[in-house]
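For reference, the structure is listed below as structure tokens.
The values are calculated or read from the model by the stated rules, or taken from the named source; none is laboratory data. Source: prediction; values computed, not measured. Neighbour counts run over all protein chains shown; Cβ positions are idealised from the backbone, glycine included.
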Amino acid sequence: MHFDEAVRYLLDLGPETLTIKLGLRNTELLLQKLQNPERSFRAVQIAGTNGKGSTAAMLDSICRGAGIKTGLYTSPHLVSITERIKIAGIDLPREEFAQHTSTVRAAAAQLVSAGELQALPTFFEQVTAIALLAFRHARVELAVLETGLGGRLDSTTAANAEVCAITQIAFDHEEYLGDTLESIAAEKAAIIRPGVKAVVAPQSPKALQVILDRCRDVGVVPVISDFEIAEDEVTSDGRFRVTFQTTSARYEKVLLGLRGRHQIENAATAIALAELLSIQHSAIVKGLETAVNPGRLELISGAPAVLLDGAHNPAGARSLGAFLNQFALRPLTLVFGAMREKRIEEIADELLPLADELILTCIDNPRSTSKESLLKLAERFGGRSITVTSSSSEALQIAFDKTEPRGMICVTGSLYLIGEVRSRLLDTKSDMEVA
């Protein structure tokens, strides 16, 4: 199987977010058919609404700094599906992705043929199996697994990680996880099982109580990563230098590699996880300072500069809004597109008023919010120039035409939108630097 064929096979299983099937049985049967690759390495599972991807990226960077061969599994991807599976910090090669996809496809077909499954496992279930198979093949020592959706019934939970973390919990994916903070927290907290070590980031009182109740029920004493933290300074482009005091160590004046004040909380969670894994102090500092996470407050320097951030729920939008208020260059052009099932009005309330120039765009996805709906939202705010476009390429071109060299373009509202523009930006702006 060639790479393009592998991608077509997976996409033919149906759109990832439209074919979600919560439950572990498919993944567990598939992994059994593959001789349980997840038993070949230790694993850390990270769930939450916001910050789980950044925390996973930081922990992966820390572990690699300690000389641990890691596998990192995240979602969604921005440009290539191989971004979801990293080994020792490098995207899985296309030929290896195709090889493992072929193995997983054959195993899935055998399960259906034998009547053990009624239908093929979904896109996410099979990609999770591909990742775990690739990690075994590469002989990784530790896998860092970001949950795709929820936790209790997410495919990554079938890996039976021995260490887990819950990052900030907020409203998102209510159609699957419930429409209260408590129900969402319960789904995510279910990754805390008897015998695991657990880290819990600072939470709202309602979410925290649900998580603590879960810990009590399964006999786990969690580490709450509400450490003593001091902000020492901040760079002009939004990177914070921070001192962390945990119960066992002090990390002095760490310049975080990821931008934004909200990353301080994620860094604290990553530190707590690293301490549970007995990673040395110097590797923790180095890993935090060198971590990268494309599409999350990613700055592409130039004239104008471009900021990419996939804020796709109200909490993420608030974090981006706080960043823009403090660090955005002016004039600010906002390129905005979103998926229709998201809390678009709340996201818009946080972000659209910050723009000097607003460019609305559709995303090349059947779930994209229509131009008409975006315009109706934007007109509520008034007082700024609004342009409506049919594609992200058109929106990006207009943004460069309208933005002064001293200003900034911010592309946001969906990671799918970031994925569409990121490769185009890096391909066409060879003089730009990613930081």
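Structure data summary
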| item | result |
| --- | --- |
| Qualifying residue in region 103-119 (condition: over 19 Å from G51 (Cβ atoms) and acidic (D, E)) | yes |
| Sole exception among (1) within 30 Å of T70 (Cβ to Cβ); (2) of a type in the set (G, A, S); (3) crowded, with 21+ Cβ neighbours inside 10 Å for S301, by number | (3) |
| So F400, is it modelled with pLDDT of 95 or more and aromatic (F, W, Y) | yes |
| Residue list for region 399-411, restricted to those being buried (at least 22 other Cβ atoms within 10 Å of the Cβ) and not polar (S, T, N, Q) | A399, M408, I409, C410, V411 |
| Residue tally, condition touching a Leu at 6+ places or on another chain (Cβ under 9 Å), surrounded by 14 or more Cβ atoms within 10 Å (Cβ to Cβ) and either closer than 19 Å to V306 by Cα or among the small types (G, A, S) (or both), over region 369-398 | 7 |
| Single condition V220 does not satisfy, out of (1) in contact (Cβ under 8 Å) with a residue 40 or more places away in the chain; (2) surrounded by 15 or more Cβ atoms within 10 Å (Cβ to Cβ) | (1) |
| Cβ-Cβ under 8 Å pairs, at least 6 apart or on other chains, region 191-210 side closer than 14 Å to N160 by Cβ and free of Cβ contacts under 8 Å to residues at least 40 places away in the same chain, far side among the small types (G, A, S) and part of a loop (DSSP other than H, G, I, E, B) | P194/G219; V196/A161 |
| Criterion violated by V306 - all others in (1) in a strand (DSSP E or B); (2) assigned by TED's automatic domain parsing to the domain that holds R42 satisfied | (2) |
| Region 79-93: number of residues that are among the aliphatic types (A, V, I, L, M) and surrounded by fewer than 19 Cβ atoms within 10 Å (Cβ to Cβ) | 3 |
| Residues of region 262-278 classified as touching a Leu at 6+ places or on another chain (Cβ under 9 Å) and either on the phi > 0 side of the Ramachandran plot or outside any helix (DSSP H, G or I) (or both), total | 1 |
| Pick from region 262-308, criterion closer than 27 Å to A328 by Cβ and of a type in the set (S, T, N, Q), ranking: farthest from the chain's Cα centre (by Cα) | S301 |
| Residue check, E345 in the same structural domain as R424 (by TED's automatic domain parsing), touching a residue at least 40 places away in the same chain (Cβ under 8 Å) and farther than 17 Å from I418 by Cα | no |
| Residues of region 317-342 satisfying the condition of being in contact with a helix residue (DSSP H, G or I) (Cβ under 8 Å, 6 or more places away or on another chain), closer than 16 Å to L417 by Cα and crowded, with 18+ Cβ neighbours inside 10 Å | A317, L320, T333, L334, V335, F336, G337, A338, M339 |
| Wholly enclosed helices (runs of 4 or more DSSP H) of region 10-125 bearing at least 1 residues of a type in the set (G, A, S) and farther than 23 Å from A161 by Cβ | 94-113 |
| Matching entry among L360, L415, L374, L351 (being over 21 Å from G295 (Cα atoms) and touching a Gly at 6+ places or on another chain (Cβ under 8 Å)) | L374 |
| Scope region 94-107; condition within 21 Å of the chain's Cα centre (by Cα) and surrounded by fewer than 16 Cβ atoms within 10 Å (Cβ to Cβ); matching residues | none |
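Yes/no matrix, rows are residues, columns are (1) of a type in the set (A, V, I, L, M); (2) in contact (Cβ under 8 Å) with a residue 24 or more places away in the chain; (3) crowded, with 23+ Cβ neighbours inside 10 Å; (4) in a helix (DSSP H, G or I):
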| site | (1), (2), (3), (4) |
| --- | --- |
| A131 | yes, yes, yes, yes |
| R139 | no, yes, no, no |
| L145 | yes, yes, yes, no |
| C164 | no, yes, yes, no |
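Each row is one residue, and each column tells you yes or no for (1) of a type outside the set (K, R); (2) within 19 Å of L324 (Cβ to Cβ); (3) at pLDDT below 90.
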| residue | (1), (2), (3) |
| --- | --- |
| N365 | yes, no, yes |
| R384 | no, yes, yes |
| A395 | yes, yes, no |
| S423 | yes, no, yes |
